[in-house]
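The values are calculated or read from the model by the stated rules, or taken from the named source; none is laboratory data. Note that the structure is predicted; figures quoted are calculated from it, not measured. Ideal geometry is used to build each Cβ from the backbone, glycine not excepted, and the neighbour counts take in all protein chains shown.
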């Protein structure tokens with residue numbers, strides 16, 4: 001297949017609320033433009049914002065997790081599998097955060113994490129004697145405790161522990177491979193691939209759970225991806241994500257010519273940021289090249305915070321810009 005023509009830019013969001021496609025498309029593009037300006041690439045802004053540089057798609061699959069009246073708004077609807085995955089996910093997040101904020105450091109974060117760890121250990125030990133609804137409520141109490149982390153508690157992203165719980169639970173719902181549940185993952189990946197033209201190059205910018213979705217979708221994509229950017233990725237977050245990826249063992253998608261992974265130290269969702277240690281290269285030797293960024297403010301786990309960094313925006317623009 002000959003690949004050419006106007007490039008495509010695909011934005012893939014992560015966990016969260018029901019999203020407005022047009023509004024998020026605009027916000028992500030504006031953040032990328034701000035990052036490009038910071039990188040000294042102001043000359044590209046007019047053609048980027050007009051749509052002359054590339055065709056931009058915001059792949060919105062949030063309605064598949066946030067349908068009114070759907071399962072996921074009450075702990076009474078959780079089954080054994082969902083509870084087990086959520087406990088495993090919380091355990092992995094707490095382990096990664098504990099590496100960042102060790103117990104002996106005496107930081108406020110360390111005290112919060114110790115409290116959350118105590119609660120989670122108690123839930124695991126008593127699972128056999130508790131009903132699923134009660135276990136779910138106790139897991140929500142753990143996410144409520146985690147909202148006391150200084151970098152999270154003032155954020156409008158999660159107003160309460162229950163919202164935090166059910167948005168984190170989207171990771172487990174996506175990775176549920178049981179026959180009765182796997183249709184969710186199939187539908188999510190279809191949102192990414194259906195609008196793409198495989199005859200034209202695609203630059204993919206994915207965030208949070210979106211990096212997991214993109215990983216699996218790109219393994220089924222027949223086109224060319226000159227650059228894949230992952231932001232705040234949980235791809236290697238313990239066995240709860242890494243061992244559930246398809247295909248396994250985890251490797252960089254064959255269609256990917258370059259893979260840049262960015263993480264922020266204060267991002268509570270990203271874990272094991274050095275993805276190349278856990279995910280192998282493709283047949284061309286392409287693997288994740290990880291770089292750290294430091295964001296201002298109290299909340300770092302948003303795609304727009306990442307995109308405003310010059311170090312993130314520059315390679316995206318360079319991959320989209322026609323060769324001289």
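Sort through 168, 147, 113 and tell me the only one that's farther than 21 Å from residue 79 by Cβ and within 19 Å of the chain's Cα centre (by Cα).
Just a single option satisfies the conditions, and that option is 147.
Name every residue in segment 101-118 that is over 18 Å from residue 240 (Cβ atoms) and either part of a helix (DSSP H, G or I) or assigned by TED's automatic domain parsing to the domain that holds residue 264 (or both), in order of residue number.
103, 104, 105, 108, 109, 110, 111, 112, 114, 115, 118 - these are the residues of segment 101-118 that are over 18 Å from residue 240 (Cβ atoms) and either part of a helix (DSSP H, G or I) or assigned by TED's automatic domain parsing to the domain that holds residue 264 (or both).
Go through (1) surrounded by fewer than 21 Cβ atoms within 10 Å (Cβ to Cβ); (2) in contact with a strand residue (DSSP E or B) (Cβ under 9 Å, 6 or more places away or on another chain); (3) in contact (Cβ under 8 Å) with a residue 40 or more places away in the chain one by one and return the number of the condition residue 238 breaks.
If we test residue 238 against (1) surrounded by fewer than 21 Cβ atoms within 10 Å (Cβ to Cβ); (2) in contact with a strand residue (DSSP E or B) (Cβ under 9 Å, 6 or more places away or on another chain); (3) in contact (Cβ under 8 Å) with a residue 40 or more places away in the chain, just (2) comes out false.
Among the residues of segment 178-200, are any part of a strand (DSSP E or B), at pLDDT 95 or above and within 17 Å of the chain's Cα centre (by Cα)?
So far as segment 178-200 goes, no, none of its residues is part of a strand (DSSP E or B), at pLDDT 95 or above and within 17 Å of the chain's Cα centre (by Cα).
Could you please give the count of residues in segment 86-104 that are surrounded by 12 or more Cβ atoms within 10 Å (Cβ to Cβ) and without any contact (Cβ under 8 Å) to a residue 24 or more places away in the chain?
4
Check residue 304 against each of (1) modelled with pLDDT under 95; (2) exposed (fewer than 15 other Cβ atoms within 10 Å of the Cβ); (3) outside any loop (DSSP other than H, G, I, E, B) and name the one condition it does not meet.
Only one criterion in (1) modelled with pLDDT under 95; (2) exposed (fewer than 15 other Cβ atoms within 10 Å of the Cβ); (3) outside any loop (DSSP other than H, G, I, E, B) is unmet by residue 304, namely (2).
For the condition surrounded by fewer than 18 Cβ atoms within 10 Å (Cβ to Cβ) and in contact with a strand residue (DSSP E or B) (Cβ under 9 Å, 6 or more places away or on another chain), what is the one hit in 210, 223, 232?
223
Residues of segment 152-167 being in contact with a helix residue (DSSP H, G or I) (Cβ under 8 Å, 6 or more places away or on another chain) and either modelled with pLDDT of 85 or more or surrounded by fewer than 22 Cβ atoms within 10 Å (Cβ to Cβ) (or both), which ones?
152, 160, 161, 162, 165 - these are the residues of segment 152-167 that are in contact with a helix residue (DSSP H, G or I) (Cβ under 8 Å, 6 or more places away or on another chain) and either modelled with pLDDT of 85 or more or surrounded by fewer than 22 Cβ atoms within 10 Å (Cβ to Cβ) (or both).
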